[in-house]
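What follows is a set of notes on a single structure, which appears directly below.
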Amino acid sequence: MSDDDEYVYDEVSGEWMPASELAARNAVQVVDAQGTPLADGDSVVLVKDLKVKGAGSTLKQGTVIKTIRLTDNPEEIDCRHPEIRGLVLRTEFVKKR
């Protein structure tokens with residue numbers, strides 16, 4: 001920690017702390033259906049059959065989705081599938097591979 005760090009007041013703990021430390025403490029972690037943390041680039045497996053609206057197809061349980069990207073919403077991930085572009089899945093339906 002250097003002397004020129006920006007400090008902010010944390011109302012919950014009642015302490016002054018570096019802004020970077022407070023941001024890390026308040027960061028929302030994205031987890032799969034089993035509670036395993038997810039990160040950009042992870043591969044996931046579907047835990048249930050999902051009907052995809054607008055595509056007219058169903059993604060079957062056990063389908064592997066590679067290279068996911070996290071979104072602003074901790075309950076959703078952005079991913080690609082060969083048959084479906086712009087696919088967004090809820091984290092409750094996937095588990096980390």
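What strands (runs of 3 or more DSSP E), lying completely within region 2-97, carry at least 3 residues that are touching a helix residue (DSSP H, G or I) at 6+ places or on another chain (Cβ under 8 Å)? Ranges flagged: 7-10.
Of all residues in region 72-87, which are closer than 17 Å to D42 by Cβ and within 16 Å of the chain's Cα centre (by Cα)? Residues satisfying the conditions are N73, P74, E75, E76, I77, D78, C79, R80, L87.
To keep it simple, each residue is scored yes or no on (1) of a type in the set (S, T, N, Q); (2) without any contact (Cβ under 8 Å) to a residue 40 or more places away in the chain.
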| position | (1), (2) |
| --- | --- |
| A33 | no, no |
| G54 | no, yes |
| T67 | yes, yes |
| D72 | no, yes |
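A short reminder: the numbers here are calculations on the coordinates, not readings from a lab. Keep in mind that what you see is a predicted model, and the values were worked out from it rather than measured. Note that we place each Cβ from the backbone using ideal geometry, even for glycine, and neighbour counts take in every protein chain shown.
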